[in-house]
1. In the stretch 65-103, how many residues are modelled with pLDDT under 65 and small (Gly, Ala, Ser)?
2. For the stretch 49-64, state whether one or more residues are modelled with pLDDT under 75, closer than 23 Å to Asp4 by Cα and hydroxyl-bearing (Ser, Thr, Tyr).
3. State which residue is modelled with the highest pLDDT when the search covers only the stretch 25-48 and only residues that are surrounded by 11 or more Cβ atoms within 10 Å (Cβ to Cβ) and in a loop (DSSP other than H, G, I, E, B).
4. Applying the selection to the stretch 17-38, what residues are without any contact (Cβ under 8 Å) to a residue 24 or more places away in the chain and aliphatic (A, V, I, L, M)?
5. Return yes when Gly22 is within 17 Å of the chain's Cα centre (by Cα) and modelled with pLDDT of 90 or more and no when it is not.
6. I'm trying to understand the selection: among the residues of the stretch 4-15, which are over 17 Å from Tyr85 (Cα atoms) and outside any helix (DSSP H, G or I)?
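The values are calculated or read from the model by the stated rules, or taken from the named source; none is laboratory data. Predicted, not measured: the structure shown is a model, and the values here were computed from it. Glycine gets a Cβ as well: all are built from the backbone with ideal geometry, and neighbour counts include every protein chain shown.
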Amino acid sequence: MGWDQLYYLTDKNEKIAVDFVGRFENFQTDFGIICDRIGIDQQKIKPLNRIMNRSNHKHYSEYYTQETRAIVQHLYQRDIDCFNYKFERTPLAYFKIKQGTKLWLNKSLIKYPFFA
């Protein structure tokens, strides 16, 4: 299994070993908190790649199938719990899973279709 983010942020006793954990989704705000903590003026971060990398993308949840969502949840459950992340809902029309697919949900193996 790969390392989750908590692997890099915790000590050998699995206690958070840093004073502050910023979030990418709050990058500017959290960077301001760091500036305040180290005693420097807050800086505005320029988004360098915003124009160069601009393209039309669907919402991230539309790229997940039910199976891949379950895999990510299984592998990164500690991060999801610690940082209060939630998978945003995708309409079921986006899920295309084949008969007999094995899924891990809440650390339990289930098979699709769920009612079979």
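1. Looking only at the stretch 65-103, we keep the residues that are modelled with pLDDT under 65, and these are 90-103.
Okay, now just the ones that are also small (Gly, Ala, Ser), so 93, 100.
The qualifying residues number 2.
2. No: zero hits.
3. Result: Gln42.
4. Result: Ala17, Val18, Ile33, Ile34, Ile38.
5. Judged against the criteria, Gly22 is a match.
6. Thr10, Asp11, Lys12, Asn13, Glu14, Lys15
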